[in-house]
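**Student:** Please read through the structure below; I'll follow up with questions.
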Amino acid sequence: MSQKNETTILALALLLTVGIVGGGFWWFTNNGVKIGNNIIPNQQPGNNSSLQDRISFGEKSFTPGDISPVKKEGIEAIAAKSYDKAIANFTAALKLNRNDPETLIFLNNARIGSSKSYTIVASVPFGTDPNAALEILRGIAQAQNQVNSSGGIKGVPLRVGIANDDDNPEIAKQIASTLVSNSEILGVVGPNTSDSTLAAGTIYTSGQLVAISPTSTSVKISNFSRYVFRTVPSDFMAARTLANYMVRTLQKKNAVVFFNSQSNYSQSLKSEFVSSVSLEGGQVASEFDLSKADFSAAKSLEQATKQGAEVLMLAANTETLDKALQVIQINQKKLTLLAGDDVYTAKTLEIGREQAVGMVVAVPWHIDSDPKSDFPQKSRQLWGGDVSWRSALSYDATVAIIAALERNPTRSGVQQALLSSDFSATGASGTIRFLASGDRNAPVQLVKIIPGSRSRTGYDFEPVR
């Protein structure tokens, strides 16, 4: 395919905006922020937005696009401490848009008002990846709503703040410094990417504040800190599962990998896959760096074919997904496609379409993978559609912090509870326990893209049985 056609595909990928779909995922004060008696100071996170503009307990919205007038009134009311009015406004806003997790969090915060509460904060990338931010917040909002509706944590409700870190390691560090400095904040869910988690994790560690990432999979996070945990399996598990499927199930032994050398996640998944394929008796003939300015999907595929590749492994991250989608289009289903969990998006279905059918993706969880779980039914009732693995693992991270707060509602108490040998909680994806490394020993689910109607794109991710 010509360079011109590649550019056209990339432009199409960039122009297509993803709406709200089902099929396993939903997409879509002047002196500082006050919590109780503590003020979060304003800081400059390295760009034009002060930190005051990046943290909200209901006083501002991060959801992109226009918000409903009634939600706007609720935001103004909660900022003015008119909690009854805020409750009425947010309740009305949810009737207009029931799958907005930000509104549900604000509603629950308004219900708490100025009463005693335990406070946690979600560190999410609204500015750069709003779909991922909303997916993560759905899990957190569901857990908050659930515990507060049932009387709170031994009678004390859970308040949730939202911090917009833009998936930027430097901004994530500055947010971490601010959260650490506020003694009322007892835990953090996030950050989203491995790069941000590793950067902010140093601050959370020095401040002795627990952070549980639901989505950071880099192997570097294992044993990184006694204060950094995750509910998502590491790339070691995903890579091993994909390599096993490639060599034993597909009976194929020659692969090439597409990755982003600038991403900790992408580097980690690529390296683990190369090692796992080798252990299975296969080989990775070439590695193609999607982040290079001169990357050409057509030339890379031509080289892969000459090397006898049977499998294309896409270890792309969010920033390089458009280039990975070029590879899918140009491949024209000639070589078998495998991919990591960042490829599990509605955009992949929208852009990949028929050319992506048959691609197998390793994810931590799928809504149809455990018929015994009651989480899928409860989440569908709450949001009016299916949720993604990001929502499920964020729910698990929040449930874990809630369970730790029930034991000892202090920062040190939360950390000690999570590391305790007898700690366990029941989450969306089964029992939650943490190893001394901060990891959760959990399996990986393989899903395959098939034609289908649930996602409203004409294609769906379905579990590989």
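**Student:** Could you compute the FRET efficiency for residue 208 and residue 435, with r as their C-beta to C-beta distance and R0 at 22 Å, rounded to 0.05?
**Tutor:** Working: r = 20 Å, r/R0 = 0.90.
The computed FRET efficiency comes out at 0.65.
**Student:** With +1 on each Lys and Arg Cβ and -1 on each Asp and Glu Cβ, and nothing else charged, work out how big the dipole of the range 274-384 is about its Cα centre, in Debye to the nearest 20.
**Tutor:** That gives the range 274-384 a dipole magnitude of about 260 debye.
**Student:** For a protection proxy built on the mean count of beta-carbon atoms within 10 angstrom, sort 185-194, 149-158 highest first, please. Intermediate results must be reported in sequence, preceding the final value.
**Tutor:** Details: 185-194: 28.6, 149-158: 15.0.
Going by the mean number of other Cβ atoms within 10 Å, highest first, we get 185-194, 149-158.
**Student:** Provide 370, 167 ordered by accessible surface of protein heavy atoms (probe 1.4 Å), highest first.
**Tutor:** Working: 370 60, 167 25 Å².
Final ranking, largest accessible area leading: 370, 167.
**Student:** Find the centroid of the Cα atoms in the range 169-189 and in the range 87-102, then give the distance between the two in whole Å.
**Tutor:** The two parts, judged by their Cα centres, are 27 Å apart.
**Student:** Could you tell me how many cubic angstrom of Cα convex hull volume the range 324-465 has per residue? Please report the intermediate quantities before stating the final value.
**Tutor:** On the way: hull volume 18.6 nm³, N = 142.
Output value, Cα hull per residue: 131 Å³.
**Student:** Take each of the peptides 353-364, 435-446, average the number of other beta-carbon atoms within 10 Å over its residues, and list them starting from the highest. Mind showing how you got there, number by number?
**Tutor:** Details: 353-364: 21.0, 435-446: 18.3.
Taking the mean over residues of other Cβ atoms within 10 Å, the ranking is 353-364, 435-446.
**Student:** Ok, one more. Of 253/292; 81/116; 220/333; 270/372, which ones are farther than 25 Å apart at the Cα?
**Tutor:** Working: 253/292 27 Å; 81/116 15 Å; 220/333 34 Å; 270/372 33 Å.
Where the Cα-Cα span goes over 25 Å, the pairs concerned are 253/292; 220/333; 270/372.
**Student:** Rounded to the nearest 5, what % of the DSSP beta bridges within the chain are antiparallel ones?
**Tutor:** Numbers: 18 of 51 bridges.
So the antiparallel bridges amount to about 35 percent of the total.
**Student:** Rg to Rh ratio, the range 207-364, alpha-carbon atoms and Kirkwood radius? The partial results should precede the final answer.
**Tutor:** On the way: Rg = 15.5 Å, Rh = 15.8 Å.
Result: Rg/Rh = 0.98.
**Student:** From the Cα trace of the range 66-131, what convex hull volume per residue do you get, rounded to a whole Å³? Walk me through the numbers before you get to the answer.
**Tutor:** Values: hull volume 6.1 nm³, N = 66.
Hull volume over Cα atoms, normalised by residue count, gives 93 Å³.
**Student:** Which of the peptides 455-462, 173-180 is most tightly packed, and how do the rest follow, judged by the mean count of other Cβ atoms within 10 Å per residue?
**Tutor:** Details: 455-462: 20.6, 173-180: 23.5.
Ranked by mean Cβ neighbours within 10 Å, highest first: 173-180, 455-462.
**Student:** Measure out, as a whole number of angstrom, how far apart the alpha-carbon centroids of the range 233-272 and the range 312-333 sit.
**Tutor:** Measuring centre to centre over Cα atoms gives 14 Å.
**Student:** Now, a different point. Can you give me the P(r) profile for the range 293-372? Cα pairs, bins 10 angstrom wide beginning at 0, each as a whole percent.
**Tutor:** Bins of 10 Å from zero give 17, 51, 25, 6, 1 percent of pairs.
**Student:** What whole-number volume per residue, in cubic angstrom, does the convex hull of the C-alpha atoms of the range 227-302 give?
**Tutor:** Values: hull volume 7.6 nm³, N = 76.
That works out to 99 Å³ per residue.
**Student:** A 23 angstrom limit on the alpha carbon distance is what I want to check against. Which of 95/378; 347/448; 71/154 exceed it?
**Tutor:** Numbers: 95/378 18 Å; 347/448 15 Å; 71/154 30 Å.
Flagged as over cut-off: 71/154.
**Student:** Something else now. Read through the labelled values [x] 23.2, 68; [y] 21.7, 68; [z] 26.6, 118 and report the label of the one computed as Rg and Dmax of the Cα atoms in Å from the structure.
**Tutor:** It is the value labelled [y].
The values are calculated or read from the model by the stated rules, or taken from the named source; none is laboratory data. Not measured: the values here are computed from a predicted model. Glycine gets a Cβ as well: all are built from the backbone with ideal geometry, and neighbour counts include every protein chain shown. Please note that ligands, DNA and RNA were not included when accessible areas were found on the heavy atoms of the full protein model with its side chains. Shrake-Rupley method; radii C 1.70, N 1.55, O 1.52, S 1.80 Å.
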